[in-house]
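Below is one structure, written out as structure tokens; comments come after it.
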Ligand code: SAH
């Protein structure tokens with residue numbers, strides 16, 4: 001059976017600018033062939049076991065030629081695979097998508113193209129520059145800047161470019177900027193024509209600079225703008241002063257370290273990204289369910305003995321319900337129980353299972369929950385507390401003081417991980433991290449084990465933000481000076497606070 005190859009535009013980098021059709025194809029793909037300009041986060045849409053081929057430039061590796069890429073696509077297609085060829089921006093705008101399609105047709109391999117948001121238009125948009133404007137530009141041209149403008153039989157008609165389209169958009173041109181400017185001026189473009197360069201457009205590390213044909217080469221050199229960047233020439237560039245928006249978002253320009261477990265990091269990462277910041281995921285813990293279910297199973301089998309069920313984390317809720325379902329029960333099995341939760345995230349997780357929590361303390365700590373429960377408990381109560389292996393002993397102690405019987409059983413464990421230590425080590429030493437977030441005591445502890453000595457050696461330390469009092473207390477104990485802790489221990493409040501703390505710069 002023969003496969004199918006889809007040439008899919010990955011968009012300019014911002015994850016949200018990917019198409020729904022592209023996502024659908026990635027979800028079905030058996031193999032993905034991608035390069036440097038495609039946002040790697042998009043690969044998270046792929047199913048387990050997908051075959052990934054990186055064909056972009058790597059400093060220490062031979063880069064595949066276009067012929068080799070064509071051959072790879074044909075080979076994968078012939079193997080009967082559903083293949084996605086993921087290309088930055090739009091596949092048919094300087095993406096060599098046309099050539100790849102021709103090759104596929106020649107080998108009789110079914111194919112399709114999924115257009116993407118091209119950097120040529122979206123890059124300027126994210127810098128606050130519309131490529132057309134009623135008063136300033138009624139046409140634009142997208143031009144390759146890669147071609148040597150000095151070469152004799154240039155395919156670029158400089159004379160008509162310099163006098164024709166109102167807005168000129170050069171891709172792949174940074175290395176040739178000087179020559180591009182020279183050619184345009186030589187063919188009649190006024191020296192005071194505004195020019196902008198936008199590097200890594202639509203990404204958290206976007207940088208835009210502007211000038212005129214007269215001084216842009218100098219500006220770019222001074223600011224150190226390198227590839228990939230878009231060169232934009234024309235009056236519309238002046239609109240950036242009023243229409244600049246992307247760089248105005250509160251966390252723009254800030255790199256924030258997220259130390260939560262990979263499985264839990266997404267909400268924090270997403271809020272940081274939406275506020276314009278760059279989230280760097282450095283999971284310091286991994287969460288997994290217990291391997292021995294004996295205690296929990298016994299409790300589930302005799303749930304009618306209990307009057308209360310309490311949860312101090314969303315993880316505990318998730319694993320408890322998973323086990324309940326595995327054993328063939330559903331939410332009705334809990335009908336006779338009252339339920340206490342430590343805070344909002346746990347409450348929401350419980351609500352997603354169809355249960356409204358009976359008790360949630362004002363402050364989101366285990367002690368506060370225990371104190372709140374103490375008002376309602378007597379020695380005729382029996383509590384089931386499925387908890388993390390390292391859950392706070394104090395919670396159990398406070399509960400025990402009420403005279404109630406407590407069965408606190410481990411339902412999940414957190415183990416330290418330290419993937420990517422070297423990268424974070426380098427970022428820290430090069431002063432590239434603006435803030436580090438801790439969302440539990442174990443994230444602090446494991447970060448400290450992995451990078452505590454590097455941290456201590458830093459002259460200027462990134463901002464330290466802790467989600468709540470318990471985490472902050474542990475961080476303080478380990479020698480970290482806390483810069484921020486929200487009043488309410490939630491991810492949303494943490495990010496809101498960071499916007500204020502970091503946004504004022
Ligand atoms: N098919 C792509 C363009 C590929 S050519 C598209 O439609 O966007 C590669 C060039 O595109 C780079 O040299 C650079 O000029 C530009 N480019 C692509 N993505 C970019 C980005 N995020 N920021 C700045 N320039 C980008």
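For segment 281-363, the strands (runs of 3 or more DSSP E) that sit wholly inside it and include 1 or more residues that are over 18 Å from residue 408 (Cβ atoms) are 285-289. Here residue 217 clears all of (1) out of contact with any strand residue (DSSP E or B) (no Cβ under 7 Å at 6 or more places or on another chain); (2) near the ligand (Cβ under 8 Å from one of its atoms) except the condition numbered (2).
Of all the residues in segment 172-202, those that are buried (at least 18 other Cβ atoms within 10 Å of the Cβ) and within 13 Å of the ligand (Cβ to nearest atom) number 12. Screening residue 432 on (1) modelled with pLDDT under 95; (2) surrounded by fewer than 16 Cβ atoms within 10 Å (Cβ to Cβ); (3) out of contact with any strand residue (DSSP E or B) (no Cβ under 8 Å at 6 or more places or on another chain) shows it passes everything except condition (3). Once segment 220-237 is narrowed to residues that are surrounded by fewer than 17 Cβ atoms within 10 Å (Cβ to Cβ) and over 26 Å from the mean Cα position of the chain (by Cα), the residue that is nearest to the ligand (Cβ to nearest atom) is 223. For segment 260-279, the count of residues that are assigned by TED's automatic domain parsing to the domain that holds residue 424, in a strand (DSSP E or B), out of contact with any helix residue (DSSP H, G or I) (no Cβ under 7 Å at 6 or more places or on another chain) and farther than 19 Å from residue 130 by Cβ is nonzero. Restricting to segment 59-90, and then to whatever is in contact with a strand residue (DSSP E or B) (Cβ under 7 Å, 6 or more places away or on another chain) and assigned to a loop (DSSP other than H, G, I, E, B), can you tell me which residue is farthest from residue 123 (Cα to Cα)? Residue satisfying both the conditions and the ranking: 81.
Residues in segment 334-367 that are free of Cβ contacts under 8 Å to residues at least 24 places away in the same chain and out of contact with any strand residue (DSSP E or B) (no Cβ under 6 Å at 6 or more places or on another chain): 335, 351, 352, 354, 356, 361, 362. For segment 112-150, what are the residues that are over 22 Å from residue 86 (Cα atoms), within 12 Å of the ligand (Cβ to nearest atom) and out of contact with any helix residue (DSSP H, G or I) (no Cβ under 8 Å at 6 or more places or on another chain)? Across segment 112-150, the qualifying residue is only 125. Against the numbered list (1) more than 23 Å from residue 130 (Cβ to Cβ); (2) without any contact (Cβ under 8 Å) to a residue 24 or more places away in the chain; (3) surrounded by 15 or more Cβ atoms within 10 Å (Cβ to Cβ), residue 254 comes up short only at (2). Looking at the structure I just gave you, is residue 53 exposed (fewer than 14 other Cβ atoms within 10 Å of the Cβ), closer than 28 Å to residue 205 by Cα and away from the ligand (no atom under 16 Å from the Cβ)? Taking the combined requirement at face value, the residue does not satisfy it. Residue 52 meets each of the listed conditions (1) over 30 Å from residue 278 (Cβ atoms); (2) in a strand (DSSP E or B) apart from (1).
The values are calculated or read from the model by the stated rules, or taken from the named source; none is laboratory data. This structure is a prediction, so every number in the text was calculated from the model and none was measured. Positions of Cβ are backbone-derived with ideal geometry, glycine not excepted, and every protein chain shown enters the neighbour counts.
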